[in-house]
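What follows draws every value from the coordinates through simple rules; no lab data is involved. Model, not experiment: these values are computed from the prediction. Glycine also receives a Cβ, built like all others from the backbone with ideal geometry; neighbour counts cover every protein chain displayed.
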Amino acid sequence: MSNILDFTLVDLVEKIKKKDLSSKEITKAYVERSEKSKKLNTYITDDFKNALKKADNFDSKPDFNKKLPGIPIAVKDLFCTKNLRTTAGSKILENFIPTYESTVTNNIWNEGGILLGKLNCDEFAMGSSNETSFFGNVQSPVGEKLVPGGSSGGSASALRAKLTPATIGTDTGGSIRQPASFTGIVGLKPTYGSCSRYGIVAFASSLDQAGPMTQDVKDCSLLLSVISSYDNNDSTSINFKRGDYLKKLSKSIKGKKIGIPKEYRVEGMPKEIEDLWQKGITIAKEAGAEILDISLPNTNYALPAYYIVAPAEASSNLARYDGVKYGFRSKGKNLIDMYEKTRSEGFGNEVKRRIMIGTYVLSSGYYDAYYLKAQKVRRLIKNDFDEVYKKVDAILTPSTPSSAFKIGEKTNDPVSMYLNDIFTVPINLAGLPAISIPAGHDEKGYPLGLQIIGKAFDEQNILNIAYSLEEEINFKNKIDDWWM
Amino acid sequence: MDVMSQKISDYIIKRNENNYEVIIGLEVHAQVLSDSKLFSTSSTKFGAEPNTQVSLVDAAFPGMLPVINEFCIKQAVKTGVGLKAKINKRSIFDRKNYFYADLPQGYQISQYKNPIVGEGSVILDLPLGEKTIGIERLHLEQDAGKSIHDIDPQNTLVDLNRSGVALMEIVSKPDLRSPNEVNTYIKKLRSIMRYLGTCDGNMQEGSLRADVNVSVRKKGEKELGTRCEIKNVNSIKFMQMAIEYEANRQVDIIEEGGSIDQETRLFDTKKNETRSMRSKEDAHDYRYFPDPDLLPLEITDDFINNIKKSIPELPDEKKKRFIEKFNLSAYEANILVSDIETSKYFEEVIENSDVKISTNWITGELFALLNDKNLEISKSPISAKNLSKLINLIKDGTISGKIAKSVFEIMATEDKNPVDIVEEKGLKQQSDPKELEKLIDKVINENPDKVQEYKSGKKKLFVFFVGQAMKASGGKANPQLINDILKKKLR
């Protein structure tokens with residue numbers, strides 16, 4: 001039984017197609033392990049009973065032409081799922097049950113996937129440690145009291161703990177890649193406009209992208225092919241030709257030009273991360289890639305620009321949670337009183353902080369100095385990338401400036417928390433694709449990741465580079481099931 | 001035109017020694033004529049049960065996204081062309097953020113700095129001549145829902161049927177100078193949009209509302225005074241009353257040595273007064289910013305040109321044509337073109353009938369009938385085809401004008417062919433001279449004393465003989481022939 005849980009997503013698809021395993025056997029294995037792993041607090045809402053029923057249904061009438069035939073998958077609780085509670089990790093949506101399905105999850109079910117349940121995340125995806133969730137923090141399977149990263153912390157933790165064979169998260173400033181790096185898994189943020197935002201609880205509309213979180217690069221390629229689609233319901237969805245990323249996956253990166261941006265060599269970066277980066281460079285070179293030193297001069301301004309643009313959009317996106325139509329409502333003497341009580345009690349501190357920042361930077365008299373300037377910086381950052389992409393095919397950087405930290409270690413220091421996203425945020429601002437792959441461990445044995453950034457719509461290229469590096473790195477999972 | 005408009009603006013408020021001029025600008029909210037909403041596919045049909053025309057997007061459910069309705073964009077561009085305005089090939093939808101129970105998103109999607117339509121103009125036909133009113137801009141925005149406070153004593157109820165319906169906000173320059181000009185302006189705007197089919201202009205159903213900006217200044221002053229905005233006035237009459245009250249209120253303050261506070265006011269239709277809603281200091285900070293869910297709206301020259309090709313003849317051009325081609329007076333032409341249905345009716349009637357008689361009958365009898373029955377011309381009980389036949393009967397002398405009126409009355413109750421009515425009721429005009437002579441001989445024979453009086457000089461009696469002869473014919477005699485024969489016989 002235990003070996004089911006050791007298979008990758010691609011392996012499981014293969015086993016099902018060969019009828020070596022049934023959907024029921026696989027689903028049951030993940031359900032049972034999930035039941036025994038409540039200590040990690042990865043699930044906000046499980047749908048195990050239905051999942052087992054759906055697995056039975058699949059086995060009685062299997063369709064092996066699907067890309068994910070009878071494969072159980074748990075997803076981040078930011079994706080609206082029809083008839084299953086969707087909370088976005090917030091009290092204000094504690095009892096919200098959508099009547100509709102997000103396009104991305106719908107794509108998964110259409111390819112034969114089976115919903116296991118909804119995974120914990122930072123409230124409205126605002127956080128880098130999964131400590132802002134109304135449903136409590138998530139622990140990392142890597143070590144007790146260790147954060148899994150965020151905001152897709154439940155997804156990262158569940159995948160690494162083998163509670164789901166693959167999963168999806170959302171990435172607004174690093175929310176897929178940072179937790180992927182912290183837990184030693186693969187996470188990809190696609191080009192903005194690749195995956196539909198329809199039915200995903202919005203944080204910052206111009207930055208939000210859904211993406212796969214998987215055990216390895218092959219799995220990542222498969223899941224990306226499933227979730228990426230053009231969607232009329234999302235005006236920012238882009239109609240470009242999407243390939244079969246798994247089919248075209250290749251380890252050959254000979255002659256590829258990979259840039260190393262000097263600005264990512266930040267002050268105070270631990271030596272082990274510097275070494276990891278060097279290791280990645282060496283491996284890429286040995287695989288035949290050409291390494292070039294490049295400059296992205298406006299990198300330093302990315303984080304401040306991000307923490308203006310994202311809260312500004314969030315402050316407006318979250319205005320709909322007002323107690324009037326759905327979700328949590330607190331009684332008030334009048335409309336304004338009801339608003340104030342509902343939103344004071346319904347939102348957590350980090351969400352309130354960002355709503356306040358966002359409201360401030362959009363206020364008349366401050367708009368030009370903050371929001372408008374941040375948008376200009378955003379343009380400059382995008383220009384930086386456009387410029388270097390005339391010379392290189394991809395960019396290699398560390399995924400995060402540090403490894404995972406202890407729960408509670410940074411909760412009182414939002415700025416140090418925000419610094420976690422320093423390597424990931426510029427990519428969202430520029431709308432580019434980037435993948436984080438596990439590349440080593442620090443001295444405490446915590447995973448560290450490398451990030452490969454691509455040109456817009458060039459997911460295949462970064463997947464290929466990641467695939468090539470992955471083989472040489474040969475990352476070894478060090479999970480001891482401490483929570484069981 | 002400026003000299004002209006000076007002459008036309010005769011609306012002056014006098015206080016003590018001072019003459020005050022009133023400066024008015026309008027922000028008209030016109031509902032786009034469209035089956036579905038601006039960013040969703042929900043129906044916009046008026047009068048449906050509350051909350052039956054609401055999509056997940058309209059109610060702002062989590063993760064729902066707006067998608068632009070291309071038809072509404074076409075309608076806005078069409079209106080822009082009708083206003084002779086600059087069409088902006090790139091425009092941006094912004095979020096206007098504020099909290100209210102009937103605003104599900106917590107923001108209204110509108111256009112702030114980059115509207116779809118720029119500067120244009122509208123020509124008003126005023127009693128003393130034409131006046132051009134400048135249009136500042138036209139932008140698209142979503143309507144909010146409706147809060148209903150008077151059904152439940154404890155709660156406010158919200159109906160989201162209107163939520164997300166497309167509105168065009170048409171902002172005029174401060175070129176209007178009197179309540180009458182406002183009346184003419186609104187009617188002209190409505191007329192243009194009805195010609196274009198971009199707004200039905202139905203004020204009872206809320207398809208056309210306006211925020212009215214009013215300021216006053218002493219006549220001759222160049223600087224504009226501080227203005228007050230009267231929000232959401234939904235009839236022309238109320239607009240006029242509100243302006244009158246507000247202008248006088250401002251004049252009173254200035255005359256007492258005070259100054260006007262810039263503020264937003266409401267018009268109380270029961271008390272016929274405006275009152276303060278919020279001052280400039282309390283004004284909302286709407287935190288406008290480009291809606292990140294929508295890309296900037298880019299339209300092509302082809303898109304605009306195709307719309308231009310579909311523009312029908314508009315009231316100004318039609319008026320010009322009516323004057324030149326049909327020899328109508330400016331006044332007549334104005335009346336006939338002000339409403340597209342009227343102009344269509346007119347053109348259908350004159351297709352086969354005399355223009356002069358048609359004009360008189362449409363603007364006279366028909367308008368009186370419609371007015372009496374409170375009907376739009378499109379619902380006229382008499383079709384253009386039948387009216388045309390009636391006019392031909394008059395023109396060729398088959399019936400007299402007087403008989404025509406009674407035929408018209410019959411037609412008003414049943415839209416029948418007037419030829420049949422005349423036939424059935426035997427109303428055909430008697431134009432046979434021999435018959436008429438017999439009839440007149442009878443009248444003369446029956447009134448020898450009156451004949452004597454007439455011949456001895458009482459010429460006024462001629463009318464008496466005409467009347468008797470007409471009476472004897474049952475009103476059917478050709479009055480011209482009666483006249484001629486009588487004159488001969490009484491000589």
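A crude spin-label estimate for the pair A:Ser344 and B:Glu317, with each label 7 Å from Cα along the Cβ direction, gives 6.2 nm.
As a rough footprinting exposure proxy, the listed residues A:Trp482, A:Trp277 were ranked by other beta carbons within 10 Å of their own, and the order from fewest upward is A:Trp482, A:Trp277. For A:Phe96, the residues whose amide H sits under 5 Å from its own are A:Thr86, ignoring neighbours fewer than 5 places away on the same chain, with H placed 1.01 Å from N.
Each Lys and Arg contributes +1 and each Asp and Glu -1, all at the Cβ; summed about the Cα centre of chain A, the dipole is approximately 860 debye. Taking the Cα centre of chain B as origin and assigning +1 to Lys and Arg Cβ atoms and -1 to Asp and Glu Cβ atoms, the resulting dipole is close to 2260 debye. Taking square-rooted eigenvalues a ≥ b ≥ c of the alpha carbon gyration tensor, is the stretch A:2-256 rounded, prolate or oblate, where a/c under 1.5 means rounded and, failing that, a/b exceeding b/c means prolate? Rounded shape, in that the Cα axes give a/c under 1.5.
Rounded if a/c is under 1.5, else prolate if a/b beats b/c, else oblate: with a ≥ b ≥ c from the C-alpha gyration tensor eigenvalues square-rooted, which is the stretch B:218-351?
Because a/c hits 1.5 or more and a/b fails to exceed b/c, the stretch B:218-351 counts as oblate.
Once you've got the Cα coordinates, tell me which of B:Lys131/B:Lys389; B:Lys187/B:Lys379; A:Lys76/A:Lys333; A:Lys257/A:Lys382 are over 28 Å apart.
Working: B:Lys131/B:Lys389 39 Å; B:Lys187/B:Lys379 20 Å; A:Lys76/A:Lys333 36 Å; A:Lys257/A:Lys382 19 Å.
With Cα atoms farther than 28 Å apart: B:Lys131/B:Lys389; A:Lys76/A:Lys333.
A Förster radius of 25 Å, combined with the Cβ-Cβ distance separating B:Leu128 from B:Glu17, puts the computed FRET efficiency at roughly 0.40.
Straight-line reach from A:Lys390: taking Cα to Cα under 15 Å and skipping same-chain neighbours fewer than 8 places apart, the aspartates and glutamates in range are A:Glu290, A:Asp293, A:Asp458. Sparse packing (at most 10 other Cβ atoms within 10 Å of the Cβ) combined with a DSSP loop state is found for the following GluC sites (Glu not before Pro) in the stretch B:195-270: B:Glu223, B:Glu256.
Most simply put, the protein assembly as shown has about 80% antiparallel DSSP beta bridges, counting only bridges with both residues inside it.
When the charge dipole of the protein assembly as shown is built from unit charges on Cβ atoms (+1 for Lys and Arg, -1 for Asp and Glu) and taken about the Cα centre, the candidate among B:Thr41, A:Ile465, A:Gln375 whose Cα reaches farthest toward its positive end is B:Thr41. The C-alpha atoms of chain B define a longest principal axis, and helix B:384-395 lies at about 30 degrees to it. Toward the positive end of the charge dipole of the stretch B:262-332, with +1 on the Cβ of Lys and Arg and -1 on the Cβ of Asp and Glu, the farthest Cα among B:Leu314, B:Phe326, B:Leu294 is that of B:Phe326.
Relative to the longest principal axis of the Cα atoms of chain B, helix B:236-255 runs at roughly 60 degrees. The distance linking the stretch A:19-40 with the stretch B:290-308 is 51 Å (Cα centroid to Cα centroid, whole angstrom).
Sequence-distant contacts, meaning Cα pairs under 8 Å at least 6 residues apart, place the relative contact order of chain A at 17 percent. Taking the Cα centre of the stretch B:18-169 as origin and assigning +1 to Lys and Arg Cβ atoms and -1 to Asp and Glu Cβ atoms, the resulting dipole is close to 700 debye. Between B:Arg278 and B:Thr264, the built amide H atoms are under 5 Å apart, and every one of these is 5 or more places off in sequence or on another chain. For the pair the stretch A:49-92 / the stretch A:311-357, the C-alpha centres are spaced 30 Å from each other. Charge tally for A:Pro190 (other residues, Cβ to Cβ under 9 Å; Lys, Arg +1; Asp, Glu -1): -1.
When the charge dipole of the protein assembly as shown is built from unit charges on Cβ atoms (+1 for Lys and Arg, -1 for Asp and Glu) and taken about the Cα centre, the candidate among A:Phe203, B:Val355, B:Asn16 whose Cα reaches farthest toward its positive end is B:Val355. Taking amide H positions as modeled 1.01 Å from N, with prolines and chain starts lacking one, the residues under 5 Å from A:Leu292 and 5 or more places away or on another chain are A:Ile258, A:Gly259, A:Ile260.
Would you kindly state how much longer the chain becomes between B:Lys45 and B:Ser235 on full extension, computed as 0.36 nm times their sequence separation minus their alpha carbon distance, in nm to one decimal? Can you show the working numbers first?
On the way: separation 190, 0.36 × 190 = 68.40 nm, distance 2.09 nm.
Going from the current span to full extension adds 66.3 nm.
Annotation note: GluC sites (Glu not before Pro) in the stretch B:339-394 located in DSSP loop regions with a Cβ neighbour count of at most 16 within 10 Å are B:Glu351, B:Glu376. Take every Cα pair under 8 Å whose residues are at least 6 apart in sequence, average their separation, divide by the length of the stretch A:78-150, and the relative contact order is 25 percent. Spacing of the modelled spin labels on B:Arg278 and B:Lys309, each 7 Å from Cα toward Cβ, amounts to 4.7 nm. Take the Cα of A:Asp386, go 7 Å toward its beta carbon, and the backbone nitrogen atoms of the stretch A:192-220 under 17 Å from that spot belong to A:192. Straightening the chain between A:Lys145 and A:Arg353 buys 72.4 nm, computed as 0.36 nm per residue apart minus the Cα-Cα spacing.
Taken along the Cα-to-beta-carbon direction at a fixed 7 Å, the label points for A:Lys285 and B:Ser383 span 9.2 nm.
Rounded, prolate or oblate, given the Cα gyration tensor of the stretch B:126-258, with a/c below 1.5 counting as rounded? Because a/c hits 1.5 or more and a/b fails to exceed b/c, the stretch B:126-258 counts as oblate.
Which ordering of B:Met411, A:Met269 is given by a fewest-first count of other beta-carbon atoms within 10 Å?
Values: B:Met411 22, A:Met269 17.
With the sparsest Cβ surroundings first, the list reads A:Met269, B:Met411.
Based on C-alpha pairs under 8 angstrom that are at least 6 apart in sequence, the stretch A:2-256 has a relative contact order of 18 percent. By the count of other C-beta atoms within 10 Å, a proxy for reagent exposure, B:His149, B:His284, A:His441 are ordered fewest to most as B:His149, B:His284, A:His441.
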